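*Asks:* Questions regarding the structure given below will be posed in turn.
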Number of protein chains: 2
Amino acid sequence: MANEAQKALIRRLDLVAKLDNDDREALSRLPIAIREVGAGTDIVSEGQRVTQCCILIDGFTHRYRHTFEGKRQIIAFHVPGDIPDLHSLHINVMDHSFAATTRSKIGFVSHEAIWSLCLARPNVAAALWLETLIDGAIFREWIVGLGRLSGKSRTAHLLCELAMRLRSVGLAPDHVYCLPLTQHELADALGLTVVTVNRVLQEFKLEGLLDRDRSRMAIKNWPALARIGEFDSDYLHFRADVDMKASPPTAH
Amino acid sequence: MANEAQKALIRRLDLVAKLDNDDREALSRLPIAIREVGAGTDIVSEGQRVTQCCILIDGFTHRYRHTFEGKRQIIAFHVPGDIPDLHSLHINVMDHSFAATTRSKIGFVSHEAIWSLCLARPNVAAALWLETLIDGAIFREWIVGLGRLSGKSRTAHLLCELAMRLRSVGLAPDHVYCLPLTQHELADALGLTVVTVNRVLQEFKLEGLLDRDRSRMAIKNWPALARIGEFDSDYLHFRADVDMKASPPTAH
DNA sequence: CGGGTTTTTGAGACGGTTCAAGCGGTGTGG
DNA sequence: CCACACCGCTTGAACCGTCTCAAAAACCCG
């Protein structure tokens, strides 16, 4: 499908910023090279100097860092339409790694192309800046969770966040979505161990809050899970006028 | 002293971005209203809609949020020259609060003024965007610490970070600085309790790593403390060519 | 000097870790 | 097509870092 990267990007930006047709037109002319990457591969590594940004088109990706003792902390997960390394536009040397959790389709745009687009269309520049700010808002939310919530709450919060973000791009109708993460990966994001994550998930399942089979995740009792996770989607900063429920994937 | 807000801001931006004289000139003409706020006061509160940004000129401030059970998590600390709520330029409703830790001098600039400066001088826009990205890089660092490091390491890391950031604005020569935080406030930033922070600090003191009296903090063994905290200042993204050691406070 | 906050200390409890082992599905090669 | 190896999930039990509760000591400010 032609232009899928541009479409994913425009769809995402439309969720949070006000673009006009000229902006969308300019975005759809961005030169983007598409490549598939295998599960578990680093797309960009810590310490690397980069001259392009990645747009996630399809699949599941995450960002992470290791401690001296080799423990891994996952810093973020990404859904299609996200530009996980947009910060590299100003900070050229990566201070963490960006990897494909599952086999993923990635679009690559040169910094140059983004720069000239930003200069030509301040509106787009504003949308991209906003995008990096929302990234930061999500970090703040994780900090509060890691610092002050229990393992159970953190887990609930993450499951709600992913549901909400996937739903915003049409990938989680009714809070049912594909979550291709091992419990180990969840643990590394939550600051927990596999053992604890396993027990928490079982507890949730037992209480009828969710249902899981392979990579299928279904949240059966959203209000309860959201309460446990102290989840309120405000920090994702979707535009007030977007109707999440109605948004289906763009037909193709 | 006239223009102190502009000077603090320019000094800070010069640390991370390349500005030319026209940029500095434009920045120094920003209309900034100065106000002093008492210790413990909220400068901007969660949920509030804002139309201006704050520049910390003098004092110590932090950002925080509360959990449902009333636990506080401090999300960030700020040093003079910082614009703690620069994100409000695009995200008008605060998703956390910004408060004065001690009596502080704050400059207020309207969003409008910043917007027109950004449009007129893309260089300044880039510097401000970068500023918000560094904010995000610090969040990532905190996430790794909270998720995967021990209380001891986190404490060491925070003390190193503050030393480095204060030093960059001339407020911590030789790793000696004024740290007007109670152990309770440190605990709320580190995701620990006062009791634990107290014990960790005593341990550090006993091992000769630091010296503390009132609000005076002196790091006596930087390499050792940095090692414990896994601290490497790269994530603060100072320009490669700034010589931290030489930088004295701008004469006034 | 007196009242409030901050720091310090002790002891017991708990959330989450660590270690260790068994289970189940899945893909691969003989 | 079965055997084997591998990876992810599950379970149990001991252990430990950090919390909680509680109270005393030190400090600060008016």
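The values are calculated or read from the model by the stated rules, or taken from the named source; none is laboratory data. Predicted model, so just to flag it, every value in this text is computed and none were measured. Cβ coordinates were reconstructed from backbone atoms using ideal geometry, including for glycine residues, and neighbour counts include every protein chain displayed. Accessible surface areas use protein heavy atoms only, side chains included; no ligands, DNA or RNA. Shrake-Rupley method; radii C 1.70, N 1.55, O 1.52, S 1.80 Å.
*Asks:* I'd like to know if region A:218-231 contains one or more residues that are assigned to a strand (DSSP E or B) and modelled with pLDDT of 95 or more.
*Replies:* We begin by selecting, within region A:218-231, every residue assigned to a strand (DSSP E or B); these are A:218-219.
With the extra rule that they be modelled with pLDDT of 95 or more, the set shrinks to A:218-219.
Looking through region A:218-231, at least one residue is assigned to a strand (DSSP E or B) and modelled with pLDDT of 95 or more.
*Asks:* Can you name the residue in region B:204-213 that is near DNA strand C (Cβ under 10 Å from one of its atoms) and open to solvent by 50 Å² or more (accessible area, probe 1.4 Å) and is also farthest from the other protein chains (Cβ to nearest Cβ) among such residues?
*Replies:* Applying the filter and picking the extreme gives B:213.
*Asks:* Name the residues in region A:63-118 that are of a type in the set (Lys, Arg) and closer than 20 Å to residue A:47 by Cα, would you? Spell out the reasoning first.
*Replies:* Taking region A:63-118 and keeping what is of a type in the set (Lys, Arg), we get A:63, A:65, A:71-72, A:103, A:105.
Answer for region A:63-118, where residues must be of a type in the set (Lys, Arg) and closer than 20 Å to residue A:47 by Cα: A:63, A:65, A:71, A:72.
*Asks:* Among what's in region A:165-200 and is among the charged types (D, E, K, R) and within 14 Å of chain B (Cβ to nearest Cβ), pick the residue that is nearest to DNA strand D (Cβ to nearest atom).
*Replies:* As a first pass, look at region A:165-200 and keep what is among the charged types (D, E, K, R): A:165, A:167, A:174, A:185, A:188, A:199.
With within 14 Å of chain B (Cβ to nearest Cβ) added as a condition, the list becomes A:185, A:188.
Working: A:185: 8, A:188: 11 Å.
Out of the qualifying residues, it is A:185.
*Asks:* Among the residues of region A:139-164 satisfying the criterion of being more than 14 Å from every other protein chain (Cβ to nearest Cβ) and open to solvent by less than 10 Å² (accessible area, probe 1.4 Å), which is nearest to DNA strand C (Cβ to nearest atom)? Give the derivation first.
*Replies:* Applying the first criterion (more than 14 Å from every other protein chain (Cβ to nearest Cβ)) to region A:139-164 yields A:159-160, A:162-164.
Of the ones still in play, those that are also open to solvent by less than 10 Å² (accessible area, probe 1.4 Å) are A:159-160, A:162-163.
Numbers: A:159: 16, A:160: 17, A:162: 20, A:163: 21 Å.
Once the filter is applied, the top-ranked residue is A:159.
Results for (1) acidic (Asp, Glu); (2) in the same structural domain as residue A:20 (by TED's automatic domain parsing), shown as yes or no for each residue.
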site	(1), (2)
A:126	no, yes
A:129	no, yes
A:161	yes, no
A:169	no, no
A:172	no, no
A:192	no, no
A:208	no, no
A:215	no, no
A:219	no, no
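*Asks:* Among residues belonging to region B:1-18 that are among the aliphatic types (A, V, I, L, M) and either in contact with a strand residue (DSSP E or B) (Cβ under 7 Å, 6 or more places away or on another chain) or open to solvent by 20 Å² or more (accessible area, probe 1.4 Å) (or both), point out the one that is nearest to residue B:123 (Cα to Cα). Don't jump to the end; show me each part of the working.
*Replies:* Of the residues in region B:1-18, the ones among the aliphatic types (A, V, I, L, M) are B:1-2, B:5, B:8-10, B:13, B:15-17.
After this cut, where a residue has to be either in contact with a strand residue (DSSP E or B) (Cβ under 7 Å, 6 or more places away or on another chain) or open to solvent by 20 Å² or more (accessible area, probe 1.4 Å) (or both) as well, the list is B:1-2, B:5, B:8-10.
Details: B:1: 27, B:2: 25, B:5: 19, B:8: 18, B:9: 15, B:10: 13 Å.
The extreme case among them is B:10.
*Asks:* Within region B:34-138, considering only strands (runs of 3 or more DSSP E) that don't extend past its boundaries, which have at least 3 residues that are open to solvent by less than 20 Å² (accessible area, probe 1.4 Å) and at pLDDT 95 or above? Full working, then the answer.
*Replies:* Working: elements: B:42-44, B:52-58, B:61-66, B:72-78, B:97-100, B:104-110.
Those strands (runs of 3 or more DSSP E) span B:52-58, B:61-66, B:72-78, B:97-100, B:104-110.
*Asks:* Sort out which residues of region B:196-232 are touching a Phe, Trp or Tyr at 6+ places or on another chain (Cβ under 7 Å) and free of Cβ contacts under 8 Å to residues at least 60 places away in the same chain, and write them in order of number.
*Replies:* Scanning region B:196-232 gives B:210, B:217.
*Asks:* A follow-up question, please. Just one of B:171, B:225, B:201, B:179 is open to solvent by less than 20 Å² (accessible area, probe 1.4 Å), more than 12 Å from DNA strand C (Cβ to nearest atom) and hydrophobic (A, V, I, L, M, F, W, C); which is it?
*Replies:* Numbers: B:171 fails: open to solvent by less than 20 Å² (accessible area, probe 1.4 Å); B:201 fails: more than 12 Å from DNA strand C (Cβ to nearest atom); B:179 fails: more than 12 Å from DNA strand C (Cβ to nearest atom).
B:225 is the lone residue from the list that is open to solvent by less than 20 Å² (accessible area, probe 1.4 Å), more than 12 Å from DNA strand C (Cβ to nearest atom) and hydrophobic (A, V, I, L, M, F, W, C).
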